[in-house]
Amino acid sequence: YLTDDLHPKIPNILKGLKYYSRFTEQLLSKPIAKSKTVFNNKKVTDHHAIIPTGVAPSGISPAENKIYDLGGLDIKAEGTFRPEHFQGVALVVDRLLQYVGPCKLYLGQKDIQQFQVIKYMIANTLHKVEPVMCPTIRESNGLAMSSRNKHLGSEEKSQLGVIHDTLTWAAKNILNKSVKDIISDAKEKLLECIYINDVEYFDILKLNDLEPVINISRSETLVVCVALNTNKARLIDNILLFY
């Protein structure tokens, strides 16, 4: 939360974030509402909302100062459940590319958000490398292959083919049902499997910015993605539509 006295200062603060103008322009296109869900003196605690000061930091080592601009792709979907994960991914891949200097970087579709994050990072650095997305390799029942599958028994693996089945079902019905109904029905289908404890998310997102889809359009690539927990492993998977 922000204190009430900051409300009139917010437009100038947003205008100062020139690097993020693609995000702030929409907010500045109309007056900033003084909503109690944002500006509320009674709700402000020691964990105050972060406010850009416009003052450059000093006395920080290069390693400490290395925070990657990932276009907000790192805080959506997986990023909601794994805070800071993609900052770590960006750091490791950035250093790998510096040392190796490859022409192409091959990454699996199963970790599609990771692919989009790294693709964004590469586009905003000096790396001369082409990211290439490789198709997900699957078991005979459609279960995406993963090192985490070693924690699953043979019966679990067999039953967890329902993950890919549900993604495929969603893709087939994408033009016949509302997005809300597809997501709700998909979660129900998954939870019918005795080996699935909970579904963290089942989403239909735009591939380019990982924003949730409201109305389906064939003109843009979509990704139907899921993350869930079994008794022994956390599994993710996805399929692309209109790719």
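The values are calculated or read from the model by the stated rules, or taken from the named source; none is laboratory data. Predicted model, so just to flag it, every value in this text is computed and none were measured. Don't worry about glycine lacking a Cβ; one is built from the backbone with ideal geometry, like all the others, and counts go over all protein chains shown.
Evaluate segment 41-58: report whether one residue or more is on the phi < 0 side of the Ramachandran plot, surrounded by 15 or more Cβ atoms within 10 Å (Cβ to Cβ) and without any contact (Cβ under 8 Å) to a residue 40 or more places away in the chain. No, every residue in segment 41-58 fails to be on the phi < 0 side of the Ramachandran plot, surrounded by 15 or more Cβ atoms within 10 Å (Cβ to Cβ) and without any contact (Cβ under 8 Å) to a residue 40 or more places away in the chain. Looking for something assigned to a helix (DSSP H, G or I) and either in contact (Cβ under 8 Å) with a residue 40 or more places away in the chain or surrounded by fewer than 16 Cβ atoms within 10 Å (Cβ to Cβ) (or both) - is there at least one such residue anywhere in segment 140-148? So far as segment 140-148 goes, yes, one or more of its residues are assigned to a helix (DSSP H, G or I) and either in contact (Cβ under 8 Å) with a residue 40 or more places away in the chain or surrounded by fewer than 16 Cβ atoms within 10 Å (Cβ to Cβ) (or both). When segment 100-136 is examined, which residues are found to be of a type in the set (A, V, I, L, M) and either under 22 Å from Leu73 (Cα atoms) or outside the structural domain of Leu73 (by TED's automatic domain parsing) (or both)? Once the filter is applied, which keeps residues that are of a type in the set (A, V, I, L, M) and either under 22 Å from Leu73 (Cα atoms) or outside the structural domain of Leu73 (by TED's automatic domain parsing) (or both), segment 100-136 yields Leu105, Leu107, Ile112, Val117, Ile118, Met121, Ile122, Ala123, Leu126, Val129, Val132, Met133.
Listed by position, the helices (runs of 4 or more DSSP H) enclosed by segment 1-115 include none that has at least 2 residues that are among the acidic types (Asp, Glu), out of contact with any Gly (no Cβ under 8 Å at 6 or more places or on another chain) and at pLDDT 90 or above.
Among the residues making up segment 1-26, a single one is hydrophobic (A, V, I, L, M, F, W, C) and more than 26 Å from Leu70 (Cβ to Cβ): Leu6.
The condition of being over 18 Å from the mean Cα position of the chain (by Cα) and not charged (D, E, K, R) holds for Asn215. Only one of the numbered conditions (1) in a loop (DSSP other than H, G, I, E, B); (2) loosely packed, with under 14 Cβ neighbours inside 10 Å; (3) of a type in the set (Val, Ile, Thr) is not met by Val132, and that is (1).
Using the structure shown, decide if Gln116 is within 20 Å of Asp209 (Cα to Cα) and touching a strand residue (DSSP E or B) at 6+ places or on another chain (Cβ under 8 Å). So Gln116 does not fit the description; no. Do the conditions hold for Ser178, that is, is it more than 30 Å from Leu70 (Cβ to Cβ), of a type in the set (S, T, N, Q), exposed (fewer than 15 other Cβ atoms within 10 Å of the Cβ) and outside the structural domain of Arg22 (by TED's automatic domain parsing)? Criteria met by Ser178. In segment 168-182 there is no residue that is of a type outside the set (D, E, K, R), in contact with a Ser or Thr (Cβ under 7 Å, 6 or more places away or on another chain), at negative phi and at pLDDT 95 or above.
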